[in-house]
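Right, one structure below, let's go through it.
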Amino acid sequence: MKQSKLFPRARKEAPKDEVSKNAQLLIRAGFIDKLMAGVYTYLPLGLRTLKKIENVIRDEMTKAGGQELLMPSLHPKENWQITGRWDSLDDLFKFTSFYSETELALGPTHEEVISPLVKKFNLSYKDLPLGLFQFQNKFRDEKRAKSGILRGREFLMKDYYSFHTSEEDLDKYYENMKTHYENIFARCGIGNVTHLTFASGGSFSKYSHEYQAITEAGEDIIYVCPKCSVALNREIADDNGKACPECGNKNLEEKKSVEVGNIFKLKDKYSSPFNLKFTNDKGEDKPMIMGCYGIGLGRLMGAITEILSDENGMRWPAEVAPFKAHVLEIGKTNDDVKKAAEELSVKFEAAGIDTLHDDRDDVRAGEKFAEADLIGLPYRIVVSDKTLSSGGVELKLRNETAGKIIKTNEILNEIQKL
């Protein structure tokens, strides 16, 4: 991708109405644009990043045994009345069709759709466990639409539902899902600051679990156990006398954090209202047991921005960066530099390395370097008269302070080793 054609160009200043670091950086770098409070457009760089995050999650959810589907955003009122949430859920967007006068909801979550869907297929014990997941826009009438893409009114979410013959089967599935969630956060570069966090399970489970990432931008307070690395949210910490439920340690560390995922044992909370059952090996109908597992993709992208950025801009992990390599031409109208930069970009792309090629002639070197740091791609390759006369190009990793000259014919191998 040639940067001269990239839409839009980076901004020098952050919007005055944005106070969160993730929104300031992402807007300045041309990843997102604010339409209104809690609603953002994902621009080409931002959408590439969002899709990379989606692919990481999809890979892990498929490995967990899930099958992907896509459910509607428009939900009938009747389904929400069956669970009692039509009147009890305060952030539910509701409206009436102008033509049919039908009352509808914009889906904030999909229990009211997935349970009656699965019921239609009369599953037996041989079909279970079953895992179904989707990536779907959610809509929540959020009272506190702030913190950039960490808290929105419209956002992309992965929701995964599992169906079981027993609580024991759910427990086994649930433990396996923890491993895949840990893999997701590790692959997204924040695994070392993300903690499995005990939260309330409500009226139907002792605990649910959140995944909380440590950041000063977080709106939550958690208490981290330094011995076993799990954490407790404030409610559970107060109930437990600030003792770790895993090891009993009471010397917990208070941290600010943001929730980047959650897993929950629904049991029969959303199967019973829809009379969702399965046939056991004796031909008897039994209540189906459920689990659910969610990750907000924009929230995760915002958390990565908050946690991994520095004073110069973002620092994307290679697996979720919009491009892996950033090739910069330094030196106006120099044919040798242009030719070498173009050849490298083509070679990288052919090798499967997504590359952003800064081919702009109307931007000074200092501005190119500043924008490269702001955008935050993992590998910066500078091509200039100086580097070529030194026998190659300069390779600098975004999370390092200094670069090094690499021979032009060796740079591809060098990047592939990283």
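Bear in mind these aren't lab numbers, they're just calculated from the coordinates by the rules spelled out. Everything quoted here is computed from the prediction, not taken from an experiment. Using ideal geometry, Cβ is built from the backbone for each residue, glycine included, and neighbour counts are taken over all protein chains shown.
For segment 88-189, just say rounded, prolate or oblate: build the C-alpha gyration tensor, square-root its eigenvalues into a ≥ b ≥ c, call rounded for a/c under 1.5, and beyond that prolate if a/b exceeds b/c, oblate if not. Note, shape of segment 88-189 comes out oblate. Would you give the gap between the C-alpha center of segment 1-36 and the C-alpha center of segment 323-353, rounded to a whole Å? Their Cα centres are 24 Å away from one another. Here the alpha carbons of the chain define both size measures, Rg and Dmax, at 24.4, 80 Å. With the charge dipole of the chain set up from +1 on Lys and Arg Cβ and -1 on Asp and Glu Cβ about the Cα centre, the Cα lying farthest toward the positive end among the listed residues 225, 97, 300 is that of 300. Residue ranges 183-195, 353-365 sort as 183-195, 353-365 when ordered by packing (mean number of other C-beta atoms within 10 Å per residue, highest first). Using 0.36 nm per residue and subtracting the Cα-Cα separation, the extra length available between residue 206 and residue 17 on full extension is 63.9 nm.
Over segment 225-287, the hull volume per residue, using the convex hull of the C-alpha atoms, is 161 Å³. Entry for segment 280-384 at q = 0.09, 0.10, 0.24 Å⁻¹: log10 I(q)/I(0) = -0.37, -0.42, -1.25, Debye formula applied to identical alpha-carbon scatterers, no solvent contribution. If the segment from residue 227 to residue 361 were pulled out straight at 0.36 nm per residue, it would be longer than the present Cα-Cα gap by 42.8 nm. When a/c reaches 1.5 or more, the comparison of a/b and b/c decides; with that in mind, is segment 14-148 rounded, prolate or oblate per its Cα gyration tensor? Oblate, since a/c reaches 1.5 and b/c is not below a/b. Applying 1/(1 + (r/R0)^6) with R0 = 35 Å to the Cβ-Cβ distance of residue 235 and residue 176 gives a FRET efficiency near 0.85.
What is the order of 17, 336, 220, fewest Cβ neighbours within 10 Å to most?
With the sparsest Cβ surroundings first, the list reads 17, 336, 220.
Evaluated at q = 0.11, 0.12, 0.21 Å⁻¹, a Debye calculation over the C-alpha positions of segment 325-417 (equal weights, vacuum) places log10 I(q)/I(0) at -0.26, -0.31, -1.04. As a calculated quantity, the FRET efficiency between residue 98 and residue 58 at R0 = 30 Å, using C-beta atoms, amounts to about 0.25. Placing +1 on the Cβ of every Lys and Arg and -1 on the Cβ of every Asp and Glu, with no other charges, gives the chain a dipole of roughly 440 debye about its Cα centre. Whats the longest run of the chain with zero GluC sites (Glu not before Pro) that are DSSP loop and have at most 11 other Cβ atoms within 10 Å? Counting only loop sites that pass the neighbour cut-off, the longest clear stretch is 102-215. Against the empirical 2.2 N^0.38 Å (N residues), segment 150-298 has a Cα radius of gyration ratio of 1.14.
Considering only 14, 199, 372, the mean-square fluctuation computed in a Gaussian network model of the chain, springs between alpha carbons under 10 angstrom, is largest for 14.
Here the Gaussian network model covers the chain, with springs between Cα atoms less than 10 Å apart; of 65, 298, 84, 84 fluctuates the most. Backbone amide hydrogens, once placed in the peptide plane, bring residue 138 within less than 5 Å of 155, 156, 157, excluding anything fewer than 5 places away on its chain.
Stretching the chain fully between residue 251 and residue 279 yields a gain of 5.2 nm (0.36 nm per residue, less the alpha carbon separation). Result for the chain in a Gaussian network model with C-alpha springs under 10 Å: among 200, 257, 162, the largest mean-square fluctuation is at 200. Applying a 4.7 Å Cβ-Cβ cutoff to the chain, the cysteines left without a disulfide-compatible partner are 188, 228, 247, 292. At an R0 of 45 angstrom, the distance between the Cβ atoms of residue 143 and residue 2 translates into a FRET efficiency of 0.55.
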